[in-house]
Amino acid sequence: MHSKTARNQRVYAIASTQLHSNSKRKKSNKLTLSKERAAKSSQRPAVVLLHGLWLNRYICLPLAYSLRRAGFTPYLFGYSSVHDHIEANATRLAEFVAGIPEDTVHFVGHSLGGLVTLQMLSKHETTRSGRAVLLGSPLRGSFLARSLAAKGRFGKWLIGPSLMDWDPPRLTAWTGNTEVGVIAGSVRLGIAMFFSTGLPKPNDGAVAVEETKLPGLKAHIVLPVSHTGMLVSSRVMHITATFLRTGEF
């Protein structure tokens, strides 16, 4: 187990925010980088990966490995997707980014992670901010989230406050300096098949393609992938790296 952890740390730089509010966790979750790794990573742009609702940072490992091979230093950002409001998660993300040594910091956010990214960039954008790729993020609000919330207390608990904070959407257009690209999916395989049958088509099984569009985006593309499947899609990995480098898919 120890050797596996050491091997993982050689491949990507990993750190997270606290998932609970106790001070002991805050101390243990400070970003730590060895001098040797920091020296190596300074030659590469950083990219912070954010997971979506109900998931954790480890779901982004395949994408992290891919981006590492593509020349980036990936950081996995963990946050409370169900219990905390989006402002709190965005503030923690800004604090996390402040501890990253690279001169340029890109972002890749899956689903809710993309909303947390935009919320953070809208309040804490800096000259170090590179580009951002959002994977299946409901920028115009989530039909599925509204459907679940309408089912009562259990549905609202299941969705949590962060996603519902984006209903109505916090942004009507992206006006920041960070170039933002969105990858949407069109393979209907996901939670909507069980909880909501009215999700507009085309969709990725959780988010409708129309929900991923927002004025001011640098680029938008629709691929034949499902909502969760885009995290392990080789094509998504490839064009994500391409956008981070060039601003184009």
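The values are calculated or read from the model by the stated rules, or taken from the named source; none is laboratory data. Everything numeric in this text was worked out from a predicted model, so none of it was measured. Here the Cβ is made from the backbone with ideal geometry for all residues, glycine too, and neighbour counts use every protein chain on show.
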Query raised in the report: When you scan segment 110-169, how many residues do you find that are of a type in the set (K, R), surrounded by fewer than 18 Cβ atoms within 10 Å (Cβ to Cβ) and touching a Ser or Thr at 6+ places or on another chain (Cβ under 7 Å)?
Result: 1
Report summary line: Counted residues in segment 94-109 being in contact with a strand residue (DSSP E or B) (Cβ under 6 Å, 6 or more places away or on another chain) and either surrounded by fewer than 16 Cβ atoms within 10 Å (Cβ to Cβ) or of a type outside the set (F, W, Y) (or both) come to 8
Query - Candidate set: segment 71-117, residues that are aliphatic (A, V, I, L, M) and part of a strand (DSSP E or B); chosen: the one farthest from L135 (Cα to Cα) - result: V105
Query raised in the report: Any idea how many residues of segment 49-106 are of a type in the set (V, I, T) and under 23 Å from S226 (Cα atoms)?
Result: 2
Report task. Within segment 74-86, identify whether any single residue is surrounded by 22 or more Cβ atoms within 10 Å (Cβ to Cβ), at positive phi and at pLDDT 50 or above, and answer yes or no. Result -> no
